[in-house]
1. Normalized C-alpha radius of gyration of the protein assembly as shown, against 2.2 N^0.38 Å?
2. I'd like the accessible area for A:Trp330, computed on protein heavy atoms only with a 1.4 Å probe and all protein chains in place. Round to 10 Å², please.
3. For the stretch A:215-229, take each phi angle, set θ = phi - 60°, evaluate the Karplus expression 6.51 cos²θ - 1.76 cosθ + 1.60, and give the result in whole Hz per residue in order, putting x for glycine and proline.
4. Would you pull out the residues with amide H under 5 Å of A:Asp45's amide H, same chain only if 5 or more places away, H placed 1.01 Å from N?
5. Please name whichever of A:Leu183, A:Phe56, A:Asn327 sits farthest to the positive end of the charge dipole of chain A, dipole taken about the Cα centre and charges placed at Cβ: Lys and Arg +1, Asp and Glu -1.
6. Dipole of the protein assembly as shown, Cα-centred, from +1 at each Lys and Arg C-beta and -1 at each Asp and Glu C-beta, to the nearest 20 debye?
7. Carbon and sulfur together cover what percent of the accessible area of the protein assembly as shown at a 1.4 Å probe radius?
8. Just tell me how shielded B:37-50 is by partners: mean number of partner chain Cβ atoms within 10 Å of each residue's Cβ, no decimals.
Amino acid sequence: MSNRTKTWMVSCVVGTAMAAMPAFAQNTTSLKHTLVLEDLENPWDMAFLDDGTMFFTEKCKGLSVLMPSGDVNALLGMTGSSGYASTEDDLFCEGQAGMMGVAVDPDFANNRIIYVYSTSKKSDPHTNRLMRLKVGDDFKSVGDRTDIVDDVPYKMAASDHPFGGPGAHNGGRVRFNPADGYLYLTTGDNHNEEVPQSPTLMGSKVLRMNADGTAAADNTPPDGFDKRTYTYGHRNVQGIAFHPGTGTPITAEHGPWHSDEITVLVNGGNAGWDPRPNMAGRGDCPDGYCGYSPNQMDGMNRYERAAFMPMTDLETYPDAMPPIWDNDGWSQGTSSAAFLEGDAWGKWDGAMVVGIMGIGFGGTPLGQRIDVIELSEDGTEVVDVTEMTLPEGMEPGRFRSVVLGPDGSLYTAVDEGMIHKLTP
Amino acid sequence: MSKGLFVSIAALAMVSATQVGAQDADVGEKLYKKSCRSCHGPTAKGMASFPKLAGNTEDYLVERLNKYRAGEKVGPNTALMVPRAKNLSDDDITNIVTFIVSISP
(Lines give C-alpha, C1' and ligand atoms only; values in the text may rest on other atoms or scores of the structure.)
Protein backbone atom coordinates (compact mmCIF):
# COMPACT_ATOMS: atom_id res chain seq x y z
CA MET A 1 0.00 0.00 0.00
CA SER A 2 1.34 3.41 -0.88
CA ASN A 3 2.12 6.04 1.70
CA ARG A 4 -0.56 8.30 0.28
CA THR A 5 -3.14 5.55 0.37
CA LYS A 6 -2.17 4.75 3.92
CA THR A 7 -2.50 8.40 4.80
CA TRP A 8 -5.94 8.56 3.27
CA MET A 9 -7.05 5.53 5.26
CA VAL A 10 -5.64 6.99 8.43
CA SER A 11 -7.47 10.21 7.67
CA CYS A 12 -10.77 8.36 7.36
CA VAL A 13 -10.29 6.53 10.62
CA VAL A 14 -9.29 9.67 12.42
CA GLY A 15 -12.15 11.56 10.85
CA THR A 16 -14.79 9.09 11.97
CA ALA A 17 -13.50 7.80 15.27
CA MET A 18 -11.27 10.49 16.71
CA ALA A 19 -12.39 13.70 15.12
CA ALA A 20 -11.15 15.86 17.95
CA MET A 21 -7.68 14.36 18.06
CA PRO A 22 -4.98 16.12 16.05
CA ALA A 23 -3.43 14.00 13.31
CA PHE A 24 -0.69 14.56 10.79
CA ALA A 25 -3.19 14.32 7.94
CA GLN A 26 -5.03 17.33 9.22
CA ASN A 27 -7.82 18.93 7.27
CA THR A 28 -6.60 22.30 6.03
CA THR A 29 -9.62 23.45 4.09
CA SER A 30 -9.83 26.08 6.82
CA LEU A 31 -6.59 27.67 5.67
CA LYS A 32 -7.11 31.30 4.80
CA HIS A 33 -6.49 31.78 1.10
CA THR A 34 -5.32 35.09 -0.31
CA LEU A 35 -4.66 35.68 -3.97
CA VAL A 36 -1.53 37.80 -3.72
CA LEU A 37 -0.93 38.43 -7.43
CA GLU A 38 -2.58 37.29 -10.66
CA ASP A 39 -2.20 37.79 -14.39
CA LEU A 40 1.51 37.06 -14.16
CA GLU A 41 3.40 35.15 -16.86
CA ASN A 42 4.88 31.94 -15.52
CA PRO A 43 5.91 33.20 -12.07
CA TRP A 44 8.90 31.11 -11.05
CA ASP A 45 10.16 32.06 -7.61
CA MET A 46 9.83 34.47 -4.70
CA ALA A 47 12.10 35.81 -1.96
CA PHE A 48 11.06 37.88 1.05
CA LEU A 49 12.35 40.58 3.32
CA ASP A 50 11.23 40.54 6.95
CA ASP A 51 8.62 43.25 6.36
CA GLY A 52 6.88 41.18 3.68
CA THR A 53 8.48 42.83 0.67
CA MET A 54 8.43 40.11 -1.98
CA PHE A 55 10.79 39.87 -4.94
CA PHE A 56 9.46 37.60 -7.68
CA THR A 57 10.51 36.41 -11.10
CA GLU A 58 8.51 35.74 -14.24
CA LYS A 59 10.21 33.32 -16.59
CA CYS A 60 10.00 35.37 -19.78
CA LYS A 61 9.59 38.86 -18.39
CA GLY A 62 11.93 39.58 -15.51
CA LEU A 63 12.27 40.56 -11.88
CA SER A 64 9.75 42.61 -9.92
CA VAL A 65 9.05 43.44 -6.31
CA LEU A 66 5.74 43.58 -4.44
CA MET A 67 5.95 46.21 -1.73
CA PRO A 68 4.07 45.98 1.58
CA SER A 69 1.90 48.84 0.27
CA GLY A 70 0.67 46.59 -2.53
CA ASP A 71 2.59 48.45 -5.23
CA VAL A 72 4.52 46.35 -7.73
CA ASN A 73 7.76 47.76 -9.10
CA ALA A 74 9.10 46.16 -12.28
CA LEU A 75 12.85 46.11 -11.71
CA LEU A 76 14.80 44.16 -14.31
CA GLY A 77 13.40 43.09 -17.68
CA MET A 78 14.63 40.49 -20.10
CA THR A 79 15.03 40.98 -23.82
CA GLY A 80 11.70 41.94 -25.36
CA SER A 81 10.17 43.03 -22.05
CA SER A 82 8.79 46.49 -21.52
CA GLY A 83 7.85 48.55 -18.50
CA TYR A 84 10.87 47.62 -16.40
CA ALA A 85 13.19 50.14 -14.78
CA SER A 86 16.02 48.57 -16.75
CA THR A 87 16.52 45.65 -19.09
CA GLU A 88 19.39 43.28 -19.72
CA ASP A 89 19.13 42.21 -23.34
CA ASP A 90 21.25 39.10 -22.93
CA LEU A 91 18.60 37.54 -20.68
CA PHE A 92 16.13 35.47 -22.65
CA CYS A 93 13.67 32.60 -22.30
CA GLU A 94 13.26 29.45 -24.32
CA GLY A 95 11.25 26.38 -23.34
CA GLN A 96 11.93 25.66 -19.68
CA ALA A 97 14.71 28.24 -19.51
CA GLY A 98 14.45 31.90 -18.57
CA MET A 99 14.49 33.87 -15.35
CA MET A 100 14.19 31.40 -12.51
CA GLY A 101 15.34 31.51 -8.88
CA VAL A 102 15.74 34.54 -6.64
CA ALA A 103 17.26 34.91 -3.18
CA VAL A 104 17.88 37.75 -0.77
CA ASP A 105 21.28 38.21 0.85
CA PRO A 106 21.12 37.50 4.61
CA ASP A 107 22.73 40.91 5.15
CA PHE A 108 20.33 42.71 2.82
CA ALA A 109 19.58 45.39 5.39
CA ASN A 110 23.16 46.56 5.04
CA ASN A 111 24.19 45.61 1.50
CA ARG A 112 20.87 45.54 -0.45
CA ILE A 113 22.06 42.54 -2.47
CA ILE A 114 19.83 39.97 -4.16
CA TYR A 115 20.67 37.02 -6.41
CA VAL A 116 18.82 36.04 -9.59
CA TYR A 117 19.39 33.00 -11.81
CA SER A 118 18.63 33.41 -15.49
CA THR A 119 19.44 32.12 -18.93
CA SER A 120 21.77 34.45 -20.84
CA LYS A 121 23.22 34.71 -24.32
CA LYS A 122 26.30 36.62 -23.18
CA SER A 123 28.30 33.48 -23.90
CA ASP A 124 28.12 31.28 -26.95
CA PRO A 125 27.03 28.57 -26.41
CA HIS A 126 24.62 30.28 -24.08
CA THR A 127 24.64 29.59 -20.35
CA ASN A 128 22.61 29.98 -17.20
CA ARG A 129 24.00 32.61 -14.89
CA LEU A 130 23.64 33.59 -11.28
CA MET A 131 23.59 37.37 -11.06
CA ARG A 132 24.25 39.50 -8.03
CA LEU A 133 22.28 42.76 -8.06
CA LYS A 134 22.04 45.76 -5.79
CA VAL A 135 18.54 47.05 -5.08
CA GLY A 136 18.01 50.81 -5.11
CA ASP A 137 17.03 52.53 -1.88
CA ASP A 138 13.50 53.14 -3.16
CA PHE A 139 13.04 49.56 -4.46
CA LYS A 140 12.41 50.94 -7.93
CA SER A 141 15.58 49.76 -9.63
CA VAL A 142 18.44 47.30 -9.48
CA GLY A 143 22.00 47.79 -10.65
CA ASP A 144 25.65 46.80 -10.22
CA ARG A 145 25.09 43.45 -11.93
CA THR A 146 27.85 40.96 -11.30
CA ASP A 147 27.57 37.44 -12.72
CA ILE A 148 29.00 35.35 -9.90
CA VAL A 149 28.27 32.11 -11.80
CA ASP A 150 28.42 32.24 -15.59
CA ASP A 151 28.99 28.65 -16.64
CA VAL A 152 25.91 26.54 -15.93
CA PRO A 153 25.29 24.84 -19.27
CA TYR A 154 22.23 25.49 -21.41
CA LYS A 155 20.66 23.22 -24.03
CA MET A 156 21.15 25.02 -27.35
CA ALA A 157 19.40 22.72 -29.81
CA ALA A 158 16.38 20.45 -29.92
CA SER A 159 16.83 16.71 -29.54
CA ASP A 160 14.74 13.61 -30.06
CA HIS A 161 13.27 13.41 -26.57
CA PRO A 162 10.06 14.29 -24.78
CA PHE A 163 10.19 18.00 -23.91
CA GLY A 164 13.12 17.89 -26.33
CA GLY A 165 13.20 21.56 -27.32
CA PRO A 166 16.07 23.90 -26.51
CA GLY A 167 16.33 25.16 -22.97
CA ALA A 168 15.53 21.92 -21.13
CA HIS A 169 16.58 21.11 -17.55
CA ASN A 170 18.24 24.10 -15.97
CA GLY A 171 17.44 23.41 -12.31
CA GLY A 172 17.05 26.94 -11.04
CA ARG A 173 16.51 27.30 -7.30
CA VAL A 174 18.71 29.73 -5.35
CA ARG A 175 18.71 29.63 -1.57
CA PHE A 176 20.83 30.58 1.42
CA ASN A 177 21.13 27.97 4.13
CA PRO A 178 20.58 29.72 7.47
CA ALA A 179 22.63 27.02 9.21
CA ASP A 180 25.90 27.43 7.33
CA GLY A 181 25.35 30.80 5.63
CA TYR A 182 26.30 29.49 2.19
CA LEU A 183 24.55 30.20 -1.09
CA TYR A 184 23.13 27.14 -2.87
CA LEU A 185 22.26 26.87 -6.56
CA THR A 186 20.59 23.84 -8.12
CA THR A 187 21.16 22.92 -11.78
CA GLY A 188 20.00 20.39 -14.38
CA ASP A 189 21.28 18.02 -17.04
CA ASN A 190 20.22 19.80 -20.29
CA HIS A 191 19.29 16.40 -21.79
CA ASN A 192 23.06 15.94 -22.08
CA GLU A 193 24.18 12.49 -20.99
CA GLU A 194 27.68 13.68 -20.08
CA VAL A 195 26.62 16.41 -17.66
CA PRO A 196 25.44 14.57 -14.52
CA GLN A 197 28.64 12.69 -13.72
CA SER A 198 30.97 15.29 -15.22
CA PRO A 199 33.46 16.76 -12.73
CA THR A 200 33.60 20.10 -14.53
CA LEU A 201 30.30 20.74 -16.32
CA MET A 202 28.20 22.54 -13.74
CA GLY A 203 24.81 21.14 -14.72
CA SER A 204 23.19 18.41 -12.59
CA LYS A 205 24.86 19.79 -9.49
CA VAL A 206 24.04 21.48 -6.26
CA LEU A 207 26.59 24.27 -5.99
CA ARG A 208 27.51 25.56 -2.55
CA MET A 209 29.25 28.90 -2.58
CA ASN A 210 30.17 32.00 -0.73
CA ALA A 211 28.12 35.05 -1.58
CA ASP A 212 30.67 36.08 -4.20
CA GLY A 213 30.30 32.81 -6.11
CA THR A 214 33.54 31.21 -4.94
CA ALA A 215 33.47 27.66 -3.64
CA ALA A 216 32.55 27.05 -0.01
CA ALA A 217 35.80 26.12 1.70
CA ASP A 218 34.44 22.95 3.25
CA ASN A 219 32.94 21.43 0.09
CA THR A 220 34.32 17.93 -0.35
CA PRO A 221 33.61 16.83 -3.93
CA PRO A 222 35.64 13.94 -5.38
CA ASP A 223 39.11 14.65 -6.73
CA GLY A 224 39.06 16.54 -9.99
CA PHE A 225 35.64 18.09 -9.44
CA ASP A 226 34.93 21.79 -9.58
CA LYS A 227 35.20 22.89 -5.97
CA ARG A 228 31.82 24.61 -6.07
CA THR A 229 30.26 21.15 -6.23
CA TYR A 230 28.36 20.17 -3.10
CA THR A 231 26.57 17.24 -4.76
CA TYR A 232 26.45 15.94 -8.32
CA GLY A 233 24.69 13.30 -10.43
CA HIS A 234 21.30 15.00 -10.27
CA ARG A 235 18.73 15.15 -13.06
CA ASN A 236 17.00 18.51 -12.69
CA VAL A 237 16.76 19.91 -9.19
CA GLN A 238 14.14 22.62 -8.74
CA GLY A 239 13.57 22.17 -5.04
CA ILE A 240 15.94 22.64 -2.12
CA ALA A 241 15.17 23.36 1.51
CA PHE A 242 17.10 23.11 4.76
CA HIS A 243 15.96 21.02 7.70
CA PRO A 244 15.02 23.46 10.46
CA GLY A 245 16.63 21.32 13.15
CA THR A 246 19.84 20.19 11.49
CA GLY A 247 20.35 22.60 8.59
CA THR A 248 20.85 19.65 6.26
CA PRO A 249 20.03 20.48 2.63
CA ILE A 250 17.26 18.33 1.17
CA THR A 251 16.35 18.36 -2.52
CA ALA A 252 13.10 17.68 -4.35
CA GLU A 253 13.61 16.64 -7.93
CA HIS A 254 11.74 15.77 -11.10
CA GLY A 255 11.93 12.16 -12.16
CA PRO A 256 12.01 11.22 -15.86
CA TRP A 257 8.90 9.16 -16.68
CA HIS A 258 9.14 7.74 -13.15
CA SER A 259 10.41 8.37 -9.63
CA ASP A 260 10.28 11.95 -8.45
CA GLU A 261 12.65 12.05 -5.51
CA ILE A 262 13.42 13.74 -2.22
CA THR A 263 17.03 13.29 -1.21
CA VAL A 264 18.95 14.21 1.92
CA LEU A 265 22.20 15.62 0.61
CA VAL A 266 25.64 14.57 1.78
CA ASN A 267 28.64 16.82 1.16
CA GLY A 268 30.39 15.49 -1.95
CA GLY A 269 27.61 13.01 -2.64
CA ASN A 270 26.48 11.52 -5.94
CA ALA A 271 22.73 11.48 -6.63
CA GLY A 272 23.25 8.56 -9.01
CA TRP A 273 21.69 9.88 -12.23
CA ASP A 274 23.70 8.74 -15.25
CA PRO A 275 21.75 8.65 -18.53
CA ARG A 276 24.67 7.63 -20.74
CA PRO A 277 24.07 4.92 -23.34
CA ASN A 278 25.95 1.63 -23.52
CA MET A 279 26.35 1.21 -19.80
CA ALA A 280 24.38 -0.25 -16.89
CA GLY A 281 22.82 -2.78 -19.26
CA ARG A 282 21.63 -0.20 -21.77
CA GLY A 283 22.42 0.03 -25.48
CA ASP A 284 22.09 3.02 -27.72
CA CYS A 285 19.46 5.64 -26.95
CA PRO A 286 17.87 8.46 -28.99
CA ASP A 287 20.42 11.21 -29.60
CA GLY A 288 22.73 9.55 -27.07
CA TYR A 289 20.62 10.34 -24.00
CA CYS A 290 18.81 7.52 -22.21
CA GLY A 291 16.97 9.72 -19.74
CA TYR A 292 13.48 8.81 -20.96
CA SER A 293 14.27 5.33 -22.24
CA PRO A 294 13.00 2.79 -22.84
CA ASN A 295 9.96 3.46 -24.98
CA GLN A 296 10.35 7.19 -24.41
CA MET A 297 7.29 8.34 -26.34
CA ASP A 298 4.77 5.86 -24.91
CA GLY A 299 3.47 4.91 -21.50
CA MET A 300 4.72 1.79 -19.75
CA ASN A 301 5.08 0.37 -16.27
CA ARG A 302 7.02 2.84 -14.15
CA TYR A 303 8.92 0.17 -12.26
CA GLU A 304 10.16 -1.38 -15.51
CA ARG A 305 11.34 2.05 -16.54
CA ALA A 306 13.06 2.56 -13.20
CA ALA A 307 14.87 -0.75 -13.55
CA PHE A 308 16.15 0.20 -17.00
CA MET A 309 17.10 3.83 -16.30
CA PRO A 310 17.18 4.41 -12.53
CA MET A 311 16.78 7.88 -11.14
CA THR A 312 19.33 6.84 -8.51
CA ASP A 313 21.50 4.02 -9.83
CA LEU A 314 22.61 2.24 -6.69
CA GLU A 315 24.02 -0.71 -8.64
CA THR A 316 26.46 1.38 -10.65
CA TYR A 317 27.02 3.80 -7.77
CA PRO A 318 26.56 1.88 -4.49
CA ASP A 319 27.56 4.92 -2.46
CA ALA A 320 25.04 7.22 -4.12
CA MET A 321 22.66 9.15 -1.87
CA PRO A 322 19.47 7.09 -1.67
CA PRO A 323 16.17 8.95 -2.00
CA ILE A 324 13.96 9.04 1.07
CA TRP A 325 10.79 9.44 -1.07
CA ASP A 326 10.09 8.43 -4.65
CA ASN A 327 6.48 9.56 -5.14
CA ASP A 328 5.34 5.94 -5.27
CA GLY A 329 7.36 5.56 -8.42
CA TRP A 330 5.46 8.29 -10.30
CA SER A 331 6.87 11.27 -12.13
CA GLN A 332 4.46 14.14 -11.69
CA GLY A 333 6.62 17.24 -11.94
CA THR A 334 7.92 17.64 -8.41
CA SER A 335 9.32 21.12 -8.29
CA SER A 336 10.00 23.13 -5.16
CA ALA A 337 10.37 22.51 -1.44
CA ALA A 338 10.14 24.41 1.83
CA PHE A 339 9.65 23.74 5.51
CA LEU A 340 6.57 24.88 7.42
CA GLU A 341 7.44 26.57 10.66
CA GLY A 342 5.32 28.02 13.44
CA ASP A 343 2.82 26.81 16.01
CA ALA A 344 -0.04 27.90 13.79
CA TRP A 345 0.69 24.94 11.50
CA GLY A 346 -0.16 22.51 14.31
CA LYS A 347 1.20 19.04 13.62
CA TRP A 348 2.72 20.35 10.44
CA ASP A 349 5.13 22.65 12.26
CA GLY A 350 8.49 21.42 10.98
CA ALA A 351 7.09 19.41 8.08
CA MET A 352 8.42 19.70 4.55
CA VAL A 353 6.10 20.82 1.76
CA VAL A 354 6.69 19.96 -1.87
CA GLY A 355 5.02 21.59 -4.86
CA ILE A 356 4.02 19.20 -7.63
CA MET A 357 3.11 20.57 -11.06
CA GLY A 358 1.46 17.54 -12.63
CA ILE A 359 2.35 15.56 -15.72
CA GLY A 360 -0.40 13.22 -16.88
CA PHE A 361 1.61 11.04 -19.24
CA GLY A 362 1.03 7.42 -20.18
CA GLY A 363 -1.46 6.59 -17.46
CA THR A 364 0.23 8.63 -14.74
CA PRO A 365 -2.30 10.51 -12.58
CA LEU A 366 -1.91 14.25 -13.16
CA GLY A 367 -1.13 14.87 -9.50
CA GLN A 368 -1.13 18.66 -9.19
CA ARG A 369 -0.85 19.21 -5.44
CA ILE A 370 1.19 20.26 -2.44
CA ASP A 371 2.38 17.29 -0.45
CA VAL A 372 3.18 17.64 3.22
CA ILE A 373 6.05 15.37 4.22
CA GLU A 374 6.57 14.44 7.85
CA LEU A 375 10.21 13.64 8.47
CA SER A 376 11.86 11.87 11.36
CA GLU A 377 13.33 14.13 14.03
CA ASP A 378 16.78 14.01 12.48
CA GLY A 379 15.31 14.69 9.04
CA THR A 380 16.68 11.58 7.39
CA GLU A 381 13.52 9.53 6.87
CA VAL A 382 9.97 10.08 5.70
CA VAL A 383 7.44 9.18 8.38
CA ASP A 384 4.25 10.15 6.58
CA VAL A 385 3.00 11.94 3.50
CA THR A 386 -0.31 13.67 3.04
CA GLU A 387 -1.80 15.92 0.40
CA MET A 388 -2.66 19.42 1.54
CA THR A 389 -6.37 20.02 1.20
CA LEU A 390 -6.79 23.36 -0.50
CA PRO A 391 -9.22 25.94 0.84
CA GLU A 392 -12.38 26.82 -1.02
CA GLY A 393 -11.73 29.09 -3.95
CA MET A 394 -8.27 27.79 -4.67
CA GLU A 395 -7.77 25.33 -7.50
CA PRO A 396 -4.81 23.04 -7.91
CA GLY A 397 -2.29 24.20 -10.48
CA ARG A 398 1.26 23.79 -11.60
CA PHE A 399 2.84 24.47 -8.20
CA ARG A 400 6.19 25.84 -9.36
CA SER A 401 7.36 27.41 -6.13
CA VAL A 402 6.60 27.09 -2.43
CA VAL A 403 8.15 29.59 -0.03
CA LEU A 404 7.49 30.25 3.64
CA GLY A 405 6.90 33.97 4.13
CA PRO A 406 8.07 36.01 7.10
CA ASP A 407 4.49 36.05 8.38
CA GLY A 408 4.50 32.24 8.66
CA SER A 409 2.18 31.82 5.67
CA LEU A 410 3.00 29.52 2.80
CA TYR A 411 3.28 31.32 -0.53
CA THR A 412 3.02 29.35 -3.74
CA ALA A 413 3.48 30.41 -7.35
CA VAL A 414 1.64 28.48 -10.06
CA ASP A 415 2.54 28.54 -13.72
CA GLU A 416 -1.04 29.60 -14.42
CA GLY A 417 0.05 33.11 -13.43
CA MET A 418 -0.83 33.48 -9.78
CA ILE A 419 0.90 33.72 -6.44
CA HIS A 420 -1.24 32.43 -3.59
CA LYS A 421 -0.88 32.80 0.15
CA LEU A 422 -2.05 30.09 2.53
CA THR A 423 -2.34 31.17 6.14
CA PRO A 424 -2.99 28.64 8.91
CA MET B 1 -46.05 7.50 -37.65
CA SER B 2 -44.73 6.04 -40.84
CA LYS B 3 -41.35 4.40 -40.85
CA GLY B 4 -40.11 6.84 -43.50
CA LEU B 5 -41.13 9.91 -41.50
CA PHE B 6 -39.52 8.50 -38.38
CA VAL B 7 -36.22 7.99 -40.20
CA SER B 8 -36.40 11.53 -41.57
CA ILE B 9 -37.01 13.05 -38.14
CA ALA B 10 -34.24 10.97 -36.65
CA ALA B 11 -31.87 11.97 -39.42
CA LEU B 12 -32.82 15.63 -38.99
CA ALA B 13 -32.24 15.36 -35.27
CA MET B 14 -28.78 13.89 -35.88
CA VAL B 15 -27.89 16.61 -38.36
CA SER B 16 -29.08 19.26 -35.92
CA ALA B 17 -27.11 17.69 -33.12
CA THR B 18 -24.04 17.72 -35.29
CA GLN B 19 -24.57 21.31 -36.28
CA VAL B 20 -25.13 22.34 -32.67
CA GLY B 21 -22.15 20.31 -31.54
CA ALA B 22 -19.70 21.66 -34.08
CA GLN B 23 -18.18 25.07 -33.35
CA ASP B 24 -19.67 25.09 -29.87
CA ALA B 25 -17.32 27.06 -27.64
CA ASP B 26 -19.09 25.96 -24.47
CA VAL B 27 -18.64 22.32 -25.30
CA GLY B 28 -15.09 23.12 -26.33
CA GLU B 29 -14.41 24.79 -23.01
CA LYS B 30 -15.43 21.64 -21.15
CA LEU B 31 -13.16 19.54 -23.31
CA TYR B 32 -10.35 22.06 -22.97
CA LYS B 33 -10.61 21.98 -19.18
CA LYS B 34 -10.49 18.21 -19.21
CA SER B 35 -7.72 17.65 -21.72
CA CYS B 36 -5.69 20.81 -22.28
CA ARG B 37 -5.85 23.23 -19.38
CA SER B 38 -3.43 21.52 -17.00
CA CYS B 39 -0.55 22.10 -19.44
CA HIS B 40 -1.58 25.03 -21.64
CA GLY B 41 -3.19 27.03 -18.86
CA PRO B 42 -6.68 28.39 -18.19
CA THR B 43 -6.46 30.99 -20.94
CA ALA B 44 -4.36 28.96 -23.41
CA LYS B 45 -1.39 31.27 -22.97
CA GLY B 46 0.96 28.35 -22.45
CA MET B 47 2.99 27.41 -19.38
CA ALA B 48 6.55 26.22 -18.87
CA SER B 49 7.50 24.26 -21.99
CA PHE B 50 3.88 23.87 -23.08
CA PRO B 51 3.28 26.34 -25.91
CA LYS B 52 0.85 29.20 -26.21
CA LEU B 53 -2.26 28.25 -28.15
CA ALA B 54 -4.17 31.52 -28.02
CA GLY B 55 -3.46 33.70 -31.01
CA ASN B 56 -2.97 30.86 -33.47
CA THR B 57 -5.36 30.51 -36.38
CA GLU B 58 -8.19 28.03 -36.37
CA ASP B 59 -6.69 26.21 -39.36
CA TYR B 60 -3.33 25.85 -37.65
CA LEU B 61 -4.79 24.48 -34.43
CA VAL B 62 -7.06 22.01 -36.26
CA GLU B 63 -4.17 20.83 -38.41
CA ARG B 64 -1.97 20.26 -35.37
CA LEU B 65 -4.63 18.33 -33.50
CA ASN B 66 -5.34 16.23 -36.57
CA LYS B 67 -1.66 15.36 -36.85
CA TYR B 68 -1.41 14.44 -33.18
CA ARG B 69 -4.58 12.35 -33.48
CA ALA B 70 -2.99 10.49 -36.39
CA GLY B 71 0.04 9.79 -34.23
CA GLU B 72 2.39 11.90 -36.33
CA LYS B 73 5.52 13.23 -34.69
CA VAL B 74 5.12 17.00 -34.70
CA GLY B 75 7.42 18.41 -32.05
CA PRO B 76 9.05 17.73 -28.68
CA ASN B 77 5.75 17.33 -26.87
CA THR B 78 4.35 14.69 -29.24
CA ALA B 79 4.57 12.04 -26.54
CA LEU B 80 2.20 14.04 -24.39
CA MET B 81 -0.13 15.15 -27.18
CA VAL B 82 -0.76 11.93 -29.08
CA PRO B 83 -2.50 10.09 -26.21
CA ARG B 84 -4.70 13.12 -25.54
CA ALA B 85 -5.66 13.65 -29.17
CA LYS B 86 -6.18 10.09 -30.29
CA ASN B 87 -9.73 9.78 -29.00
CA LEU B 88 -10.94 13.21 -30.11
CA SER B 89 -13.64 13.27 -32.78
CA ASP B 90 -13.75 15.83 -35.56
CA ASP B 91 -16.40 17.69 -33.59
CA ASP B 92 -14.29 17.60 -30.44
CA ILE B 93 -11.40 19.18 -32.29
CA THR B 94 -13.63 21.80 -33.85
CA ASN B 95 -15.16 22.67 -30.49
CA ILE B 96 -11.86 22.85 -28.65
CA VAL B 97 -10.38 25.07 -31.34
CA THR B 98 -13.51 27.22 -31.36
CA PHE B 99 -13.08 27.76 -27.63
CA ILE B 100 -9.40 28.62 -27.93
CA VAL B 101 -10.08 31.09 -30.72
CA SER B 102 -12.92 32.61 -28.70
CA ILE B 103 -10.57 33.47 -25.82
CA SER B 104 -7.70 34.62 -28.00
CA PRO B 105 -6.82 38.30 -27.79
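1. Working: Rg = 23.9 Å, N = 529, 2.2 N^0.38 = 23.8 Å.
Against the compact-globule rule of thumb, the ratio is 1.00.
2. Near enough 60 Å² of accessible area.
3. 5, 4, 4, 9, 5, 10, x, x, 3, x, 7, 4, 5, 6, 6
4. Close amide H contacts, sequence-distant or interchain: A:Thr57.
5. Value computed over the given set: A:Phe56.
6. 1180
7. Numbers: 11080 of 21680 Å².
Taking all protein chains in place, the protein assembly as shown shows 51 percent carbon and sulfur surface.
8. Details: counts 3, 12, 7, 0, 8, 5, 3, 0, 5, 4, 11, 13, 11, 4.
The shielding value for this peptide is 6.
The values are calculated or read from the model by the stated rules, or taken from the named source; none is laboratory data. Just so we're clear, the structure is a prediction, and the values are computed from it rather than from any experiment. Cβ atoms come from the backbone with ideal geometry, glycine included; neighbour counts cover every protein chain shown. Accessible surface areas use protein heavy atoms only, side chains included; no ligands, DNA or RNA. Shrake-Rupley method; radii C 1.70, N 1.55, O 1.52, S 1.80 Å.
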